[in-house]
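The values are calculated or read from the model by the stated rules, or taken from the named source; none is laboratory data. Owing to the predicted nature of the structure, the values given are computational and were not obtained by experimental measurement. Heads up, the Cβs are rebuilt from the backbone with ideal geometry, glycines too, and the neighbour counts pull from every protein chain shown. Note: areas computed on protein heavy atoms with side chains; ligands, DNA, RNA excluded. Shrake-Rupley method; radii C 1.70, N 1.55, O 1.52, S 1.80 Å.
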Amino acid sequence: MCGIVGYVGGKNAQDFLISGLKRLEYRGYDSAGIVTLNAEGKATLVRAKGKISNLEEKLAQNKTSDKIGIGHTRWATHGEPSETNAHPHKAGPLYLVHNGIIENYKELKAELKDFEFKSETDSEVLAALIESFYRDGNYPLVNAVVQALKLVKGTYGIAVISELQPEEIVVARSGSPLVIGVGHDETLIASDASALVGHTKRAIYLNDGEVAVVTAKSIEVKTLNAEPVSAKVEEIETNLAAIQKGGYEHFLLKEIMEQPNTLTETLRGRVNAEQGTVHLGGPGLTEAELRKIQHLVIVGCGTAYHAGLLASYYIEQFVPEITIETVIASEYRYRNAYIPDNSVALIVSQSGETADTLACLREIKKQGVRTVGIVNAIGSTISREVDGGTYVHVGPEISVASTKAFTSQVIAMVIFGLTIAQAKGVRSTMLRPYISEIAKLPEEIAKVLSEAEEQVKAITKKYHELEHAIYLGRDTAYPTAMEGALKLKEISYIDANAYAFGELKHGPLALVDDKYFEIALLPVGELYDKAVSNLQEVLARGGKVIAVTNNDKFDLPVENVVKITTELEIFAPILMNIVLQLFAYYITVAKGLNVDQPRNLAKSVTVE
Ligand code: M6R
């Protein structure tokens, strides 16, 4: 939620700030702004409602050669998207950009009686509070920032500059990510390392409760209690190709198409199909500890939650005597739920920054439960705070809709389940089919991508004007249907819901009419015939059905069918999900909507 950038060095600050904001635009895109200072401290502040491109247009009339500045792309929390509510916020000689939420802003605002507030934002209150300590210019900026932050309740990643000290940026974080790029005679700031790629390969990830003063040549990190921190400089692994569209029209299509490769990265060194074994080092659990596990709690939001749900269906199939509860983080954090002994919690998050998931992780740790991260973003807060974990290694996921992360999250969790099963002595004949299908999955995904794309494109043209969709599946196809429905609704704005096939007759069947279309997932397997019977109930009521199946003999009188050919049976729903991703993508393209940046959403949700 919101992206912040900063630059101090020998180059034109506006250039980095605008390119950095473009890379962070996925984090928020309702308004943006930049302020730079010249050597005398004269400020040039430019803000615009809407996309970064609007800001860029305004900047063309306000070009500077200033060497220091900060910028922001916003996802509105307090106050509508407007130029006045856009960051940077000015307070006296100070300018501030903020990512997060100041929960006690009303109380703080009431105290700042002599400040003339212009915006409705909580962030401007923080700017005014810092300025109240900084006033007269005889207080070092960092001290004023620290004094103010000690009064703040909530979350923040901030960057502050002052007209009176035009050679330094003060940054701080608590609950919202902040990375400092270490360059040659320049220092860069960003909410995530993708903005730094191509500028530097070295970065310091600030921890919660830390504040830093950065100049072109120095970075000084301290805690809010003024204790010096010897910050670790880490290597940024992402390369430029990973954050570009690579010839695709949209990041979403690129990310869907990348899945054979990204899943291969997830599997690397973890699956030995010949021996029929799996190995996961990251969780850091001994064989004895794995053997003792009796209960798994899987925590996530949105797509990560669906990945957990689907993985739980699989793990239950082959790990004996285990209970699995997959929970929505925003609910679970307040449930006061009892977690029994011998439990492990899997914390699932692409970004590793989702506020609700992070809050659950912290609650769960308080109970002394072992936590294992299933995370994509390397160095993210969740990946740092879990007891152990496994990265899914799918590279940057930029489109707001999560696709490649889902596939790899599911499989990473299934592999974790398989390591438990191995430790518990489950017969290898039981586990082999799973392992052998997992090993073949990247290739099978590639096959489905090439086989299904044209079929899907042709179909979407018929449905993009309808406003309601129902996704249906049983067993592992049910969480798959949930994920498919989420993908469709978040990017195409079609009201899509998923139901377990067996639940239809308990209510949702009443919805079937000509304003709806139904997507029926029909993987070959034990429950195939039952799902087909449920589907007949829809067809008998005139449902406009699109069937997705791997049964090459499928011949029910549905409006459309997408057939996939695969030798996989267990993981056919994963392949069907690829079809659903393509379906959501092409419907959205047909509707002419913004595929990568759907309205009202942001990629990483760092506010509650
Ligand atoms: O970064 P996370 O995996 O923690 O994000 C969780 C959800 O916000 C995310 O999956 C969201 O639902 C996606 N936009 C779905 O495509």
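Some notes on this structure:
- Single residue of segment 166-183 satisfying the filter (open to solvent by 10 Å² or more (accessible area, probe 1.4 Å) and free of Cβ contacts under 8 Å to residues at least 60 places away in the same chain) that is farthest from GLU25 (Cα to Cα): VAL182
- Residue count, segment 481-497 (criterion: within 14 Å of the ligand (Cβ to nearest atom), open to solvent by 10 Å² or more (accessible area, probe 1.4 Å) and not in a helix (DSSP H, G or I)): 1
- When residues of segment 465-479 are limited to those that are open to solvent by 40 Å² or more (accessible area, probe 1.4 Å) and in a loop (DSSP other than H, G, I, E, B), the one modelled with the lowest pLDDT: GLU465
- Condition broken by LEU280, with the remaining ones in (1) over 26 Å from SER380 (Cα atoms); (2) in contact with a strand residue (DSSP E or B) (Cβ under 6 Å, 6 or more places away or on another chain) satisfied: (1)
- Of all the residues in segment 150-168, those that are farther than 17 Å from ARG135 by Cα, out of contact with any Lys or Arg (no Cβ under 9 Å at 6 or more places or on another chain), part of a strand (DSSP E or B) and of a type in the set (A, V, I, L, M, F, W, C) number 1.
- Residue within segment 1-15 that is within 27 Å of THR354 (Cα to Cα) and without any contact (Cβ under 8 Å) to a residue 60 or more places away in the chain present: no
- Any helices (runs of 4 or more DSSP H) falling wholly within segment 222-306 and containing at least 2 residues that are farther than 30 Å from LYS201 by Cβ, more than 16 Å from the ligand (Cβ to nearest atom) and open to solvent by 20 Å² or more (accessible area, probe 1.4 Å): 287-292
- Test: residue in segment 12-23 that is among the hydrophobic types (A, V, I, L, M, F, W, C), assigned to a strand (DSSP E or B) and either open to solvent by 20 Å² or more (accessible area, probe 1.4 Å) or modelled with pLDDT of 95 or more (or both): no
- Residue list for segment 55-75, filter: assigned to a loop (DSSP other than H, G, I, E, B) and within 19 Å of VAL8 (Cβ to Cβ): LYS63, THR64, SER65, ASP66, LYS67
- Within segment 88-114, the set of residues being over 27 Å from the mean Cα position of the chain (by Cα), outside any helix (DSSP H, G or I) and over 23 Å from VAL46 (Cβ atoms) comprises LEU112, LYS113, ASP114.
- One residue alone among VAL558, VAL607, VAL579 is open to solvent by less than 30 Å² (accessible area, probe 1.4 Å), outside the structural domain of TYR478 (by TED's automatic domain parsing) and out of contact with any Lys or Arg (no Cβ under 6 Å at 6 or more places or on another chain), and that residue is VAL607.
- Qualifying positions in segment 106-138 - of a type in the set (Phe, Trp, Tyr), open to solvent by 10 Å² or more (accessible area, probe 1.4 Å) and in contact (Cβ under 8 Å) with a residue 40 or more places away in the chain: none
- Residue count for segment 504-545 under the criterion of being among the small types (Gly, Ala, Ser) and within 22 Å of PRO573 (Cα to Cα): the result is 4.
- Among the residues of segment 184-210, the ones that are of a type in the set (Gly, Ala, Ser), in a loop (DSSP other than H, G, I, E, B) and open to solvent by less than 20 Å² (accessible area, probe 1.4 Å) come to 1 in all.
- Selection count where residues are surrounded by fewer than 18 Cβ atoms within 10 Å (Cβ to Cβ) and touching a residue at least 60 places away in the same chain (Cβ under 8 Å), scope segment 211-221: 1
- Single unsatisfied condition, ASP529 versus (1) free of Cβ contacts under 8 Å to residues at least 40 places away in the same chain; (2) open to solvent by 50 Å² or more (accessible area, probe 1.4 Å); (3) of a type outside the set (Ser, Thr, Tyr); (4) assigned to a loop (DSSP other than H, G, I, E, B): (4)
- For segment 422-439, the criterion of being within 17 Å of the chain's Cα centre (by Cα) and assigned by TED's automatic domain parsing to the domain that holds ALA337 is met by no residue.
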